[in-house]
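See below for the structure under consideration.
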Amino acid sequence: MKKKLVVLTGAGISAESGIKTFRDSDGLWEGHNVMDVATPEGWHKNPALVLDFYNQRRKQLKEVHPNLGHQILAELENHFDVFIITQNVDDLHERAGSSNVLHLHGELLKVRSTKNPNYILDWQGDLNFGDLDDDKNQLRPHIVWFGEEVPALDQAITITQSTDYFAVIGTSLQVYPAAGLIDFTTRETPIFYIDPKPVKIPNLRNPLEVIPEVASEGMKILKKKLIEFI
């Protein structure tokens, strides 16, 4: 029976594929203040800007490809029962071949009703005014904006509680509630932390190994270490 590996991924793993992060550029995301394009207030203030912003992100996503970090994570399914919990809204984990991916902050290639949060559609092209649900409500990006609840959090906690190994890749561990998932591992669970600029994890009770590398290089090291445990 395969051991369980839970991996929390953030913007750092997608950055190597060419997807820009806002935390590296003073709160600007592709030139926009995140409060204007990633909050309910921004949506109510200027929905046209928000729709255009995510339409551009959707176009960009089609031009990038999974990198070695994504690919190694998919390959680890040959050895472990791998569950990926990602803060990213792209589909690069899935395109690399990972089977179990939980998106905490939504997905670029989906939209949902502005009135019914359970009305969710796959969406590849532009989302425009006049694109409605069955009850004639406007559709919006299926993104968890700042200030909104994280519907997948309970599932993420359940997945984390029973893991044998926990890895953190390419996230600053500054965005909650995702950053708090480590606290739901058992005390004996080894934590592996891959980031070129790792931060200190306060009050961590677990065994910790920091790998100060970008995701692709760090995943080479992590794969070797994990397979040694088998």
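The values are calculated or read from the model by the stated rules, or taken from the named source; none is laboratory data. These numbers were taken from a predicted model, which means no experiment stands behind them. No Cβ is skipped: glycine too gets one built from the backbone with ideal geometry, and neighbour counts run over all protein chains shown. What goes into the accessible areas is simple: the full protein's heavy atoms, side chains included, and nothing from ligands, DNA or RNA. Shrake-Rupley method; radii C 1.70, N 1.55, O 1.52, S 1.80 Å.
Things worth noting here:
- Portion, in percent, of the accessible area of segment 1-115 that falls on carbon or sulfur, probe 1.4 Å: 49
- Within segment 4-108, trypsin sites (Lys or Arg not before Pro) in DSSP loop having at most 14 other beta-carbon neighbours inside 10 Å: Lys62
- For Ser99, solvent-accessible area (1.4 Å; no DNA, RNA or ligand), Å²: 80
- Think of the chain as having a plus end and a minus end, set by charges on the Cβ of Lys, Arg, Asp and Glu; of Leu222, Tyr54, Asn100, Leu222 sits farthest toward the positive end of this dipole.
- Electrostatic bookkeeping for Gly180 treats Lys and Arg as +1 and Asp and Glu as -1; over the other residues with beta carbon under 14 Å from its beta carbon, the sum is -1.
- For the chain, DSSP calls about 30 percent of its internal beta bridges antiparallel.
- In this structure the amide hydrogen of Lys110, modeled in the peptide plane, comes within under 5 Å of the amide hydrogens of Trp123, His142, none closer than 5 places in sequence on its chain.
- Across segment 135-213, the mean sequence separation of Cα contacts (distance under 8 Å, 6 or more residues apart), normalised by length, yields a relative contact order of 26 percent.
- Considering helices alone, the calculated mean residue ellipticity of the chain at 222 nm is -8000 deg cm²/dmol, with DSSP H runs of length four and up weighted by -39500 (n - 2.57) and normalised per residue.
- Net charge of neighbours whose Cβ lies under 12 Å from the Cβ of Gln138, counting Lys and Arg as +1 and Asp and Glu as -1: +1
- Residue order by solvent-accessible surface for Ile157, Ile85 is Ile157, Ile85, largest first, with ligands and nucleic acids left out and a 1.4 Å probe.
- For segment 35-50, Karplus couplings with θ = phi - 60° (6.51, -1.76, 1.60), whole Hz, Gly/Pro x: 5, 7, 10, 9, 9, x, 5, x, 5, 5, 6, 8, x, 5, 4, 5
- Think of the chain as a dipole: +1 on every Lys or Arg Cβ, -1 on every Asp or Glu Cβ, centred on the Cα centre; then among Pro117, Thr39, Ile191, Ile191 lies furthest on the positive end.
- Ile182 - accessible surface, heavy atoms, 1.4 Å probe, Å² rounded to 10: 10
- With DNA, RNA and ligands ignored, accessible area of Leu73 (1.4 Å probe; Å², nearest 10): 0
- Taking every C-alpha pair closer than 8 Å and separated by at least 6 residues, the mean separation divided by the residue count of segment 173-230 gives a relative contact order of 30 percent.
- Neighbours of Gly218, meaning other residues whose beta-carbon lies under 13 angstrom from its beta-carbon, give a summed charge of 0 when Lys and Arg score +1 and Asp and Glu score -1.
- Probe 1.4 Å, all protein chains present, accessible-area order of His93, His105, His65, His44, largest first: His44, His65, His105, His93
- Taking the Cα centre of the chain as origin and assigning +1 to Lys and Arg Cβ atoms and -1 to Asp and Glu Cβ atoms, the resulting dipole is close to 400 debye.
- Heavy-atom accessible area ranking, 1.4 Å probe, most first, across Met1, Met219: Met1, Met219
- Relative contact order (%) - criterion: Cα under 8 Å, at least six apart; region: segment 58-210: 16
- Rounded Å value of the spacing that divides the Cα centres of segment 57-111 and segment 148-217: 17
- The charge dipole of segment 110-183, taken about the Cα centre with unit charges on the Cβ atoms of Lys, Arg (+1) and Asp, Glu (-1), comes to about 140 debye, rounded to the nearest 20.
- Loop-located GluC sites (Glu not before Pro) across segment 1-109 with a Cβ neighbour count of 11 or fewer within 10 Å are Glu63, with loop assigned by DSSP.
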